[in-house]
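Structure first, then comments.
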Amino acid sequence: MSNRVAEVVTFLRHFNIKDVSVRVRYVEKEVRAYRPDELKTLFAAATPEEWLLFQFYLCTGCREQEVANAHWNEVDYVDRLFRVTAKPNWRPKDLEEREIPVPDYLLAALKEKTTQGDLIFPTADGKRDGHMLRKIWRGGPGWWVSSNYTNSARPTQRFSTGPGLTPEPFKNGLGILHWKPRWHI
């Protein structure tokens, strides 16, 4: 937000409107990583497709849109890397293309996955899924069941009630389990 305000201030100053000074102050929310017991509960309730999706988030630390736009040609099985790269209809945050190491067990699970098209995690009709974390919101074990999102194909009754968690660690890449085999769930 402060970048946008700075752009407007610069624009106004360019046109000799000098009395512009805006400071945006906010308290940044601290997000904690998941505990092992929370992850075990999440993975126990997940379908195989969700297990792979959640593992991908946790092992790479990617943002939601990076995962939604992940293509098979960005997975390097030889060097054990995932590359976040810009595409014609999407670009990474801050235009930051990068390489992320991927653990062997996740690469093995990705090799077994079959999808039509270029996307690793497409929707049922093969398109980009812009709301992947809603699967967590509706499906976590007693957590995150959003009142405005329901899916009759996968009822929430199969999940037990438990402590309230948020999907923030997935959104912020803080749920990362990167290269910690003792956390493999």
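Some points to look at:
- Long-range neighbours under 7 Å by Cβ, at least six apart or interchain, first residue loosely packed, with under 15 Cβ neighbours inside 10 Å within segment 95-118, second hydroxyl-bearing (Ser, Thr, Tyr) and in a helix (DSSP H, G or I): none
- Residue match in segment 44-59 (condition: outside any helix (DSSP H, G or I), under 15 Å from the mean Cα position of the chain (by Cα) and in contact (Cβ under 8 Å) with a residue 12 or more places away in the chain): no
- Test: residue in segment 138-161 that is touching a Pro at 6+ places or on another chain (Cβ under 9 Å) and either modelled with pLDDT of 50 or more or not assigned by TED's automatic domain parsing to the domain that holds Leu53 (or both): no
A quick yes/no check of all residues on (1) in contact with a helix residue (DSSP H, G or I) (Cβ under 7 Å, 6 or more places away or on another chain); (2) loosely packed, with under 12 Cβ neighbours inside 10 Å; (3) in the same structural domain as Asp104 (by TED's automatic domain parsing):
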{"site": "Ile17", "(1), (2), (3)": "no, yes, no"}
{"site": "Lys40", "(1), (2), (3)": "no, no, yes"}
{"site": "Pro48", "(1), (2), (3)": "no, yes, yes"}
{"site": "Phe54", "(1), (2), (3)": "yes, no, yes"}
{"site": "Glu66", "(1), (2), (3)": "no, no, yes"}
{"site": "Val75", "(1), (2), (3)": "yes, no, yes"}
{"site": "Phe82", "(1), (2), (3)": "yes, no, yes"}
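The values are calculated or read from the model by the stated rules, or taken from the named source; none is laboratory data. Note that the coordinates shown come from a computational prediction; the quantities given were computed from them, not determined experimentally. Cβ atoms come from the backbone with ideal geometry, glycine included; neighbour counts cover every protein chain shown.
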